[in-house]
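The values are calculated or read from the model by the stated rules, or taken from the named source; none is laboratory data. What you see is a predicted model; the values in this text were computed from it and never measured. Every residue, glycine as well, gets a Cβ built from its backbone with ideal geometry; the counts of neighbours run over all protein chains shown. Just the protein is used for accessible areas: all its heavy atoms, side chains included, with ligands, DNA and RNA removed. Shrake-Rupley method; radii C 1.70, N 1.55, O 1.52, S 1.80 Å.
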Amino acid sequence: MKKFRLYYDKDREQDWLQKMSSEGWALKKFFLGVYTFVPCKPGEYIYQIDLLENWDGDKEDFAAFMEDSGVEVVSQWYRWVFLRKKAEDGPFEMYTDVESKINQYNRIKNFFLAALILEIGCFFIEINAALQTNRPLFWIFAILIGIVAIAFLRIVWRCQWKIEQLQRGK
Amino acid sequence: MDNNLPLTEAIFYILLAVRKPNHGYGIIQEVSEITGGRVVLGPGTLYGAINSLLSKKWIMLYSEDVASRKKKEYLITKEGIEVFLKEVKRLEELVRNAKLMEGLA
């Protein structure tokens, strides 16, 4: 079964994967918002989502480390990884202390902050093109890019909020 | 070196678990055992901590079993031991001073 979703928030995405697993659907693959599920025993797996630090170097090392720790790397897309563990093997949480949780949200925040800056750049290029040529197509592009930029801004803001919550609770 | 202190609980117990060569899963298990299940390190937390400890040279890569599987073992370094012992001194001071509270409970 395939489902298309766009998530702002990896915690909500994780909750959704959890809900799917409890209904007997295990994530098998993720690509560009398309989630591929295969049947599993209801509640068989616990899922976690992570963002790697580096573009490549890390990937192999990270995957080997996780497999050694009894964690299955289900799908990797770009710097994003989907991990799971059988629920019968006990609780599964990637990050168990405040410091490493904050680090993770910082990685996600910086990732989308970079994307946001790129989008803002594109937005002004489109606006400029629209003003110069006065073709409606450029206005449509500008609006679409603007919407994406707002979505990214929201993610950055959410991460910041979570970091502050964690720091306050420390 | 002192601004490295205090150590986080995770770092403290990871250093302890690599006093002898130990691999990722072994570290998680040992820490859980000696704390009676109170400190269970998440694999992401452990992965990040190991990389930061390696770059600080408090631990080193002890072996990489190429033959069977890529199971990396880590071992504490001299520097790591030094930091750990400093932290223990700091903790002992805390416990010593905590005795001032005696008799109030």
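So the values come out like this:
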| read-out | value |
| --- | --- |
| Pairwise Cα inverse-distance average, inverted: Kirkwood Rh of segment A:103-170 (Å) | 13.1 |
| Given charges at Cβ of Lys, Arg, Asp, Glu: the protein assembly as shown dipole, positive-most of B:ASN51, A:ALA64, A:PHE82 | A:PHE82 |
| 10 Å-binned pair-distance histogram of the protein assembly as shown (Cα, whole percent) | 6, 22, 29, 22, 13, 6, 2, 0, 0 |
| Residue-averaged [θ]222 nm for chain A, counting only DSSP H segments that reach four residues, each worth -39500 (n - 2.57) | -19500 deg cm²/dmol |
| Dipole axis of segment B:7-101 (+1 Lys, Arg; -1 Asp, Glu on Cβ), positive-most option in B:LEU91, B:TYR74, B:TYR25 | B:LEU91 |
| Distance violations [Cα-Cα > 22 Å] among A:LYS101/B:LYS71; A:LYS3/A:LYS28; A:LYS85/B:LYS20; A:LYS41/A:LYS101 | A:LYS101/B:LYS71; A:LYS85/B:LYS20; A:LYS41/A:LYS101 |
| Integer Hz, Karplus 6.51/-1.76/1.60 couplings in order for segment A:153-164, x for Gly and Pro | 4, 5, 5, 4, 5, 4, 4, 4, 4, 5, 4, 5 |
| Inter-part distance where segment B:1-66 and segment A:78-112 are each reduced to a Cα centre, Å | 17 |
| Once the Cα gyration tensor of segment A:53-170 is diagonalised, semi-axes √(5λ) in Å | 37, 18, 12 |
| Heavy atoms of A:CYS122 accessible to a 1.4 Å probe, total area in Å² rounded to 10 | 50 |
| Shielding by other protein chains, B:17-30, mean Cβ within 10 Å | 2 |
| Inter-chain Cβ neighbour average for residues B:43-56, partner chain, 10 Å | 6 |
| Sorted largest first, extent of segment A:2-89 alpha carbons per principal axis (Å) | 36, 30, 19 |
| Sequence-separation-based contact order of segment A:50-100, relative, with Cα cut under 8 Å and 6+ spacing, percent | 31 |
| Debye, to nearest 20: dipole size of segment A:2-89, +1 on Lys, Arg Cβ, -1 on Asp, Glu Cβ | 640 |
| Rounded to 10°, Cα long-axis angle of helix A:58-68 versus longest principal axis of chain A | 20 |
| For segment B:7-101, size of Cβ-based charge dipole, Lys and Arg +1, Asp and Glu -1, in debye | 100 |
| Kirkwood hydrodynamic radius of chain B, from inverse mean 1/r over distinct Cα pairs, in Å | 14.9 |
| Other-chain or far-sequence residues with amide H under 5 Å of A:THR96's (modelled H) | B:GLY42, B:THR45 |
| Average Cα contact separation per residue, chain B, under 8 Å, 6 or more apart, as relative contact order % | 28 |
| Contact order relative to length of chain A, as percent, for alpha carbon pairs under 8 angstrom and 6 or more apart | 18 |
